[in-house]
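One structure is given below, encoded as structure tokens.
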Amino acid sequence: MSFDSNIFEKEKINLAGTEEYIIRGGRHLLEKLPEAFNGIKTIGVIGWSSQGPAQAQNLRDSLEGTDITVKVGLRENSASIPSAEAAGFRRDNGTLGEMYDIIRESDLVVLLISDAAQVKNYKKIFAALKPNATLGLSHGFLLGHLQSVGEEFPGNVNVIAVCPKGMGPSVRQLYVQGKSVNGAGINCSFAVHQDVTGTATDIALGWAVGLGAPFTFETTMEMEYRSDIYGERGILLGAVHGLCEALYR
């Protein structure tokens with residue numbers, strides 16, 4: 001696969017005879033983030049489970065000194081509010097708020113609530129998005145659900161994915177390590193499913209660089225959720241093994 005970026009220099013690599021293009025990360029690229037996030041003033045990270053704490057803190061640290069604000073959106077009376085406050089996101093300075101309020105005011109919405117919560121709430125989430133905003137996912141499951149019910153993402157927003165290849169605590173731990181060891185971090189795939197502003201690719205790449213990804217490579221949102229369902233859940237988490245054992249018994 002190939003992609004074009006006006007901000008980041010892509011690099012061609014050869015994997016088992018197949019040419020691929022990547023963005024090689026590094027903290028020297030953080031200065032390019034305001035340009036990559038052109039027009040984005042508020043990034044709303046929605047959810048505080050595995051990926052939420054890591055991505056919110058990494059993006060906040062990477063954008064320190066810029067005019068881009070990272071905010072966290074949670075349900076009213078969420079049990080995660082004290083943890084978010086301990087990480088420095090506070091209601092008194094506007095960096096912590098109710099999830100739909102944060103969605104309505106964000107230019108980039110990083111939706112990190114569970115798959116089940118996305119299915120339950122996607123219509124209300126879509127209705128809260130600003131026109132020309134960017135909806136960011138770290139798993140393509142919502143696309144699979146929309147396809148299964150014959151629906152689509154709103155036509156007036158960008159839809160992108162940046163998918164770290166590790167659990168949230170590792171995304172944060174290796175980012176912090178990367179402050180002293182350049183190159184530390186978790187690799188990410190990225191996908192541009194819908195680009196209404198013409199800037200979705202650079203927004204996705206900026207998001208991945210801001211998370212500390214040493215290598216960022218392209219995929220599609222559909223292939224991401226397929227590989228996750230069949231590869232991670234079907235094989236790594238034991239679904240196929242369990243089916244075979246059940247059939248044997």
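Pairs of alpha carbons in the chain separated by more than 24 Å make up 45% of all such pairs.
The charge dipole of the chain, taken about the Cα centre with unit charges on the Cβ atoms of Lys, Arg (+1) and Asp, Glu (-1), comes to about 560 debye, rounded to the nearest 20. Each Cα pair under 8 Å and six or more residues apart adds its separation to the average, and for the chain the resulting relative contact order is 22 percent. Do the alpha carbons of any pairs in Lys32/Lys124; Lys32/Lys123; Lys71/Lys124; Lys123/Lys165; Lys71/Lys120 sit beyond 31 Å of each other, and which pairs? Going by Cα-Cα distance, Lys32/Lys124; Lys32/Lys123 fall outside the 31 Å limit. Accessible area of Lys123 (1.4 Å probe, protein heavy atoms only, ligands and nucleic acids ignored): about 130 Å². In terms of accessible area, using a 1.4 Å probe and ignoring ligands and nucleic acids, Lys124, Lys32 rank largest first as Lys124, Lys32. Accessible area of His145 (1.4 Å probe, protein heavy atoms only, ligands and nucleic acids ignored): about 40 Å². Probe radius 1.4 Å, ligands and nucleic acids ignored: give me the carbon and sulfur share of the accessible area of the chain as a rounded percent. The computed percentage sits at 51.
The reciprocal of the average 1/r between distinct C-alpha atoms defines the Kirkwood hydrodynamic radius, which for the stretch 74-142 equals 12.9 Å.
The mean sequence distance of close C-alpha pairs (under 8 Å, at least 6 residues apart), as a share of the length of the stretch 62-158, puts its relative contact order at 23 percent. By the rule of a C-alpha distance below 20 Å, with chain neighbours fewer than 8 residues away ignored, the aspartates and glutamates paired with Lys10 are Glu19, Glu20, Glu31, Glu35, Asp195, Asp202, Glu218.
In this structure, the amide hydrogen of Thr42, modeled 1.01 Å from its nitrogen in the peptide plane, lies closer than 5 angstrom to those of Thr69, Asp107, Leu108, counting only residues at least 5 positions away or on a different chain. Each semi-axis of the equivalent ellipsoid for the stretch 47-91 is √(5λ) with λ an eigenvalue of the Cα gyration tensor; in descending order they amount to 19, 11, 8 Å. Summing Lys and Arg as +1 and Asp and Glu as -1 over all other residues whose Cβ lies under 12 Å from the Cβ of Glu11 gives a net charge of 0.
With the charge dipole of the stretch 101-249 set up from +1 on Lys and Arg Cβ and -1 on Asp and Glu Cβ about the Cα centre, the Cα lying farthest toward the positive end among the listed residues His193, Ile103, Ile203 is that of Ile103.
When the Cα atoms of the stretch 98-243 are aligned to their principal axes, the ranges along those axes come out at 44, 40, 29 Å in descending order.
The values are calculated or read from the model by the stated rules, or taken from the named source; none is laboratory data. As the structure is a prediction and not an experimental result, all values here were calculated from the model. When we count neighbours, we look across all protein chains shown, and the Cβ atoms used for this are built from the backbone with ideal geometry, even at glycine. The protein model used for the area step is the full one, side chains on, heavy atoms only, and it has no ligands, DNA or RNA in it. Shrake-Rupley method; radii C 1.70, N 1.55, O 1.52, S 1.80 Å.
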